Structure formats: C-alpha cells, structure tokens
Amino acid sequence: MASIELNNVGVHYLIPQAKSAGLVGAMRSLAMGGVIGKRHGRIGVTALDDISFSLVNGDRLGLIGHNGAGKSTLLRVLSGILPPTSGRIRVEGRISALMSIQLGLDSYSTGYENIRSRARFMGLTEEEIDSRFDDIAAFSELGDYLDLPIRSYSAGMRLRLAFSIATAFSPEILILDEWLSAGDDYFQKKARERLTGLIDKTGIFAFASHNDALMARMCNKGMVLHQGKPVFFGEINEALAYHKGVPQ
Ligand SMILES: Nc1ncnc2c1ncn2[C@@H]1O[C@H](COP(=O)(O)OP(=O)(O)OP(=O)(O)O)[C@@H](O)[C@H]1O
C-alpha cells in the first residue's frame, strides 16, 4: 500500500552568484516565486516552507500556484530527486517520476540499448524488462531508428523513446510535472491515452499544471501554494476556486 508523509518540509536553494544585499529587500516585494532571503549570511530562495501533509492510496493531488510558487520543487521532493533542507519525508511504494523525461538517456547508445539501461535504472528486473521490451519499441514507433545511437534522433523522437520507456511499467506512486508535450499531435494523443491508463492503475498520483480543466479531471485533492507555503489543501474544485479567489 503506497503512502507519503511530509513533516515540516522546507527547501532553501542557495544562490552563490547572488551577492547583492539589496536584492533581498527588492525581491521580497514580488508576489511571484519563493522568498529571497539570507541564511547563514548567504543569499538563497526559500522555495518550500514548513509543509506537512500525507497521501494514501486513491489520492490524486494537484499542485496549484503562480509561477515560482514551489510546485516543481515539491514534486522533486516527493519523487526523491531533491532531499529537503529541513523537515522529514517518508515514502512507501515504487515511484515513477515523469519530470525531466529525457534525463538518463545516453546519446551514444542505440534506442534499444537505452530501453534496457533506462529500465534497469528504474529498478526493474531483467524479466520485467523482457516482458515489456517489444511494447516499448512498438509504442515509440521508431522502427529501424531503434538500432541507431540516439544522438541521431530529433528532439521529438527522443521524447517518444523516453516517454515509451517511462510509461511502460505501473508504479505505485506516479509523479508528473505539467502535461508532457511528447512529440507531434499524433503522438501526444497516444501519450495522453497511455498516461490516463497508467494513472488509473496507480495508488498515489501527484501532478502540477496551470491547466484547471485538466487538474479537475485528473485530481481529487488540491494544494494551493503561495511563495512556498500551502495556503489551501482540500477537495480539488475548492482548491481551484480558492486559487481564483472565487467564494464557494
Ligand atoms: N535550482 C534552483 N536554484 C535556485 N532557485 C530555484 C531553483 N529552482 C527553483 N528555484 C526557485 O524556487 C522557487 C520555486 O520554483 P519552482 O520551480 O518550484 O516553482 P513552480 O511553482 O514549479 O513554478 P512554474 O509554475 O513557473 O513552473 C522559485 O522562486 C524559483 O526561483
């Protein structure tokens, strides 16, 4: 049974290049982004501030907020890519994070080789890889290109390969940053159907997007973030209304 629990989680990014003390006061007044401030005498951004919540099987969480509110940072923390600088996170269940979808592909290996190495990296056994290998190749529709090193692929072709691999296995926890624009219109439609199927089978789903309709369709809970702080956590339609300032 998948579960996630966050206790007082905070993320503070240090920015070594930012030396001006004037920056601190000037940027504090912006409504957008995390809060710029000094920690131990060094300038940085507090992207997440004191976040506590838990998710269990069946929860589909949508993260809502303006640019820089902390949505991607929170998804990175949930997926284990980014350890929090304060607080604790406990996760149970196999995670698949579709964020930097092309992360981990090797330009000098062929498409076929990348399928194997990427799937191994995702923690899958050789048997699991064998059982899904043909499906991944077929879904990508890359044909003979799969025998070529992927540095010879176009950007859209790389996306097709990466997406086909990342969505071939059902995780217990699925984390998705924005709707992935995988390839051309034809592939996007296929990709959307495949993702919808995957989300249905997943225990916990967490998603960030600026598309309210998509959010309402795919999520049952919503968290509104403002400057790294959760200002609303509840039912998805109430969260979307809160964000818009619409009284319920
Ligand atoms: N690697 C980094 N180094 C320093 N600051 C960062 C880094 N990544 C994000 N930030 C800062 O953290 C804050 C939160 O950023 P994040 O990407 O989580 O926001 P977001 O809600 O996903 O935004 P958007 O909707 O624009 O994608 C912002 O103020 C941003 O400037």
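The values are calculated or read from the model by the stated rules, or taken from the named source; none is laboratory data. As the structure is a computational prediction, the values presented were derived from the model and not from experiment. Virtual Cβ from ideal backbone geometry, glycine too; neighbours counted across all protein chains shown.
Can you work out which of the residues in region 203-248 that are within 13 Å of the ligand (Cβ to nearest atom) and among the polar types (S, T, N, Q) is surrounded by the most Cβ atoms within 10 Å (Cβ to Cβ)?
Among them, the one singled out is Q227.
So, in region 78-94, exactly how many residues are closer than 15 Å to I175 by Cβ and in contact (Cβ under 8 Å) with a residue 40 or more places away in the chain?
So the first thing to find is which residues in region 78-94 are closer than 15 Å to I175 by Cβ, and the list is 78-82, 89, 91-94.
Narrowing further to those that are in contact (Cβ under 8 Å) with a residue 40 or more places away in the chain: 78-79, 82, 89, 91-94.
The total comes to 8.
On the basis of being at pLDDT 95 or above, closer than 19 Å to L176 by Cβ and away from the ligand (no atom under 16 Å from the Cβ), does F139 make the cut?
yes
Is there a residue being hydroxyl-bearing (S, T, Y) and surrounded by fewer than 12 Cβ atoms within 10 Å (Cβ to Cβ) anywhere in region 147-162?
Among the residues of region 147-162, at least one is hydroxyl-bearing (S, T, Y) and surrounded by fewer than 12 Cβ atoms within 10 Å (Cβ to Cβ), which makes the answer yes.
Give the number of residues within region 51-66 that are within 13 Å of the ligand (Cβ to nearest atom) and among the acidic types (D, E).
Result for region 51-66: 0.
Is it the case, given these coordinates, that R192 is loosely packed, with under 15 Cβ neighbours inside 10 Å and over 20 Å from R116 (Cα atoms)?
Against the criterion (loosely packed, with under 15 Cβ neighbours inside 10 Å and over 20 Å from R116 (Cα atoms)), R192 qualifies.
Is it the case that S107 is in contact with a Lys or Arg (Cβ under 7 Å, 6 or more places away or on another chain), among the polar types (S, T, N, Q) and more than 25 Å from G93 (Cα to Cα)?
yes
Yes or no, residue by residue, for (1) modelled with pLDDT of 95 or more; (2) surrounded by fewer than 22 Cβ atoms within 10 Å (Cβ to Cβ):
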| position | (1), (2) |
| --- | --- |
| S52 | yes, yes |
| V56 | yes, yes |
| D59 | yes, yes |
| G62 | yes, no |
| G68 | no, yes |
| S72 | no, yes |
| V77 | yes, no |
| R94 | no, yes |
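With the requirement that a residue be within 17 Å of A2 (Cα to Cα) and among the β-branched types (V, I, T), what does region 46-73 give you?
Selection gives V56 alone.
Working only within region 18-38, note down all residues that are modelled with pLDDT of 70 or more and within 13 Å of the ligand (Cβ to nearest atom).
G34, V35, I36, G37
Criterion first (within 16 Å of the ligand (Cβ to nearest atom), among the hydrophobic types (A, V, I, L, M, F, W, C), under 23 Å from the mean Cα position of the chain (by Cα) and assigned to a loop (DSSP other than H, G, I, E, B)) does A69 satisfy it?
Judged against the criteria, A69 is a match.
What's the total number of residues in region 204-243 that are closer than 21 Å to L48 by Cα, out of contact with any Cys (no Cβ under 7 Å at 6 or more places or on another chain) and of a type outside the set (A, V, I, L, M)?
15
Considering each of T125, T85 in turn, give the residue that is hydroxyl-bearing (S, T, Y), within 16 Å of the ligand (Cβ to nearest atom), modelled with pLDDT of 90 or more and over 15 Å from the mean Cα position of the chain (by Cα).
Details: T125 fails: within 16 Å of the ligand (Cβ to nearest atom).
After ruling out the rest, the residue left standing is T85.
Under 6 Å between Cβ atoms, which residue pairs at least 6 apart in sequence (or on different chains) link something in region 129-142 that is free of Cβ contacts under 8 Å to residues at least 24 places away in the same chain with a partner that is buried (at least 19 other Cβ atoms within 10 Å of the Cβ) and small (G, A, S)?
From region 129-142, the pairs are I129/A119.
Name the residue that is farthest from D49 (Cα to Cα), counting only residues in region 88-100 that are within 15 Å of the ligand (Cβ to nearest atom) and touching a helix residue (DSSP H, G or I) at 6+ places or on another chain (Cβ under 9 Å).
The selected residue is L98.
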